[in-house]
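Notes to accompany the following structure.
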Amino acid sequence: MQVRLCLYLSCRLPTFHQFAKRFYHDKKTQGAVTRLLNDPAFVRIAGHGSAIFGTWAPKLYQFYGEYMDKVIEHNPSIHFNFPNSIFAAATFNFGPQTVALLHIDHLNYIYGWCSITALGNYEYTKGGHLILWDLKMVIEFPPGWTILIPSSFLRHGNTGIAPGEKRFSFTQYTSGSLFRYVDNNFKMRSQMSGSENKEAATRQKERINEGLNLYSTLDELRDMYNTQ
């Protein structure tokens, strides 16, 4: 069973909902969603993932905050999943033997980070490892641990677990469409004129070149925290 909680841009119906909105759940599912969002354990896990993000990528975190503030200012009816998390979307995956095959999350913000928390009961030295193919790394990933990765361009997945074991996951992320939505003056591409689309394409190229500057080096982090 998988429950998705997302703030996203709907472009399925061109004449309707061409704005940022919350993901829709039917009445039965929404009850489960509400309980999950209010569960103290998940509130803490969500805040923990967001705090790690702010600690290790402070410039990128600030960038997220500025854009998400603009989204909410434009549409005050929007609220995020957790009051203590910078991420606009989340997924609960209840397995019971959650395994992610090799993939990238191409809809996430290209330089953004995804917070992944492993849950369950499994022997983490024998299974459930996080695999980062491009870095040629296989990482032990115990239940209760949280790892953040740039999931939109770093290929990743995880190994299986033994029969009878259980593995669940909780992830947080933000769609790249939200950042483009703000940059495009809260318009979908289909709503923009030809000249506006050209300007948007130019901005997107500049963003790709500037995005890496939002990452922090270890030296920058040492200097920042040593002076505080």
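Bear in mind that the values in this text are calculations on the coordinates, not laboratory data. Note that the structure is a prediction, hence the values are computed from the model and not measured. Heads up, the Cβs are rebuilt from the backbone with ideal geometry, glycines too, and the neighbour counts pull from every protein chain shown.
Structure notes:
- Segment 108-142, residues that are assigned to a loop (DSSP other than H, G, I, E, B), of a type outside the set (Ser, Thr, Tyr) and either touching a Cys at 6+ places or on another chain (Cβ under 8 Å) or surrounded by fewer than 17 Cβ atoms within 10 Å (Cβ to Cβ) (or both): ILE110, GLU123, LYS126, LYS136, GLU140, PRO142
- Some residue of segment 178-191 being in contact with a Pro (Cβ under 7 Å, 6 or more places away or on another chain), of a type in the set (S, T, N, Q) and in a helix (DSSP H, G or I): yes
- Residue check for GLU140: under 30 Å from ILE78 (Cβ atoms) and free of Cβ contacts under 8 Å to residues at least 60 places away in the same chain: no
- A Cβ distance below 8 Å, combined with a sequence gap of six or more or placement on separate chains, defines the contacts here; from segment 180-206, residues that are under 20 Å from ILE72 (Cβ atoms) reach residues that are of a type in the set (Val, Ile, Thr) in the pairs TYR181/VAL71; VAL182/VAL71.
- Qualifying residue in segment 133-155 (condition: of a type in the set (Asp, Glu) and within 17 Å of LEU102 (Cβ to Cβ)): yes
- For segment 192-221, the set of residues classified as outside any helix (DSSP H, G or I) and either out of contact with any Leu (no Cβ under 7 Å at 6 or more places or on another chain) or of a type outside the set (Phe, Trp, Tyr) (or both) consists of MET192, SER193, SER216, THR217, listed by residue number.
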